[in-house]
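Shown next, in structure tokens, is the structure this report addresses.
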Amino acid sequence: MPAIKLYSTPLSGHCHRVTLLLNMLNLPFEATEAGAGVRQTEDFARLNPLRQIPVLIDGEHVLTDSNAILVYLVKRYAPDSHWLPEDPLKAAEVQKWLSRAAGEVRFGPASARMVKQFSAPEVYESALQISAKFLPQLEQHLENHEFLATERATIADLACYSYVAAAPEGGVSLTGYPAIQRWLARIESLPGFTPLPALPLPEIAG
């Protein structure tokens, strides 16, 4: 049996970013479905008191928070690799985009998708406003960069990819962002890539 166990759900972008890295590092793992019912159990709460996914178990180590898990996996299994450079400036760039993944991406495109697809109790107009501000900034950056933080793919790209790629599922169009679309295609061409399962696009009024 694989030493690594991942509690996740297929439609979660937070889980998808971890799955992408596991696949790209060729790390065998056991995926365990952790839907809402599982997350409400006391057994799951002992793994993560916040009752959030993903949760990764590697031997005796229990890790939570998707971006933290990405850092752990690289440091543990791919040290000194392009996924998380040791160079101070490049490492800082990676961290900057991890923060954007947890900030603008989470509360922009990800939030819009959660509202439209899962009726999450979040403010849709706010998600649209954040997306409308962030996506042009991302487009401008990617007009001159193939990847977010360095000249090669890093965990920053994986952290931002899933919810940006799925933005149309939240009613956030990527039409008019050719550089973003080229970046998404570059991520999708990486060895080990597996797509986030597609959901139906919502009808947009107006």
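The values are calculated or read from the model by the stated rules, or taken from the named source; none is laboratory data. Please read all numbers here as calculations on a predicted model, not as lab measurements. Cβ: placed from backbone, ideal geometry, glycine included. Neighbour counts: every protein chain shown. Accessible surface areas use protein heavy atoms only, side chains included; no ligands, DNA or RNA. Shrake-Rupley method; radii C 1.70, N 1.55, O 1.52, S 1.80 Å.
Identify the residue in region 135-150 that is of a type in the set (D, E, K, R) and open to solvent by 20 Å² or more (accessible area, probe 1.4 Å) and, among all such residues, is nearest to Leu190 (Cα to Cα). Only one residue fits best here, namely Glu146. Got at least one residue in region 46-58 being of a type outside the set (D, E, K, R), at pLDDT 95 or above and over 30 Å from Glu169 (Cα atoms)? Within region 46-58 (the criterion being of a type outside the set (D, E, K, R), at pLDDT 95 or above and over 30 Å from Glu169 (Cα atoms)), the answer is yes, since at least one residue qualifies.
One line per residue, one yes/no per condition, for (1) at pLDDT 95 or above; (2) closer than 21 Å to Leu11 by Cβ:
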position	(1), (2)
Glu139	yes, no
Ala149	yes, no
Arg182	yes, no
Glu188	yes, yes
Pro195	yes, yes
Gly206	no, no
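Listed by first and then second residue, the pairs linking a residue in region 94-114 that is under 21 Å from Leu84 (Cα atoms) to a residue that is among the hydroxyl-bearing types (Ser, Thr, Tyr) and crowded, with 24+ Cβ neighbours inside 10 Å, with Cβ atoms under 6 Å apart and 6 or more places separating them unless they lie on different chains, are Val94/Thr154; Val105/Tyr163. Hey, does region 172-191 have a residue that's β-branched (Val, Ile, Thr), closer than 22 Å to Ser126 by Cα and open to solvent by 20 Å² or more (accessible area, probe 1.4 Å)? The answer is yes, given that some residue of region 172-191 is β-branched (Val, Ile, Thr), closer than 22 Å to Ser126 by Cα and open to solvent by 20 Å² or more (accessible area, probe 1.4 Å).
Per the listing Ala120, Ala159, Ala153, Ala165, the residue uniquely open to solvent by less than 60 Å² (accessible area, probe 1.4 Å), free of Cβ contacts under 8 Å to residues at least 40 places away in the same chain, under 18 Å from Glu188 (Cα atoms) and of a type in the set (Gly, Ala, Ser) is Ala165. Restrict the check to region 146-160 and report whether at least one residue is under 17 Å from Ser99 (Cα atoms), over 17 Å from the mean Cα position of the chain (by Cα) and not in a helix (DSSP H, G or I). Yes: region 146-160 contains one or more residues that are under 17 Å from Ser99 (Cα atoms), over 17 Å from the mean Cα position of the chain (by Cα) and not in a helix (DSSP H, G or I).
Contact map, region 10-30: first residue on the phi > 0 side of the Ramachandran plot, second residue surrounded by fewer than 18 Cβ atoms within 10 Å (Cβ to Cβ), Cβ cut-off under 9 Å, separation 6 or more or different chains; pairs are Asn26/Pro191; Asn26/Gly192.
Among helices (runs of 4 or more DSSP H) entirely within region 35-115, having at least 1 residues that are of a type in the set (A, V, I, L, M, F, W, C) and open to solvent by 60 Å² or more (accessible area, probe 1.4 Å) singles out 36-39, 88-100.
Answer yes or no: is there a residue in region 177-197 that is closer than 27 Å to Trp83 by Cβ, in a loop (DSSP other than H, G, I, E, B) and touching a Lys or Arg at 6+ places or on another chain (Cβ under 6 Å). Checked against the condition, which is being closer than 27 Å to Trp83 by Cβ, in a loop (DSSP other than H, G, I, E, B) and touching a Lys or Arg at 6+ places or on another chain (Cβ under 6 Å), region 177-197 yields no hits at all.
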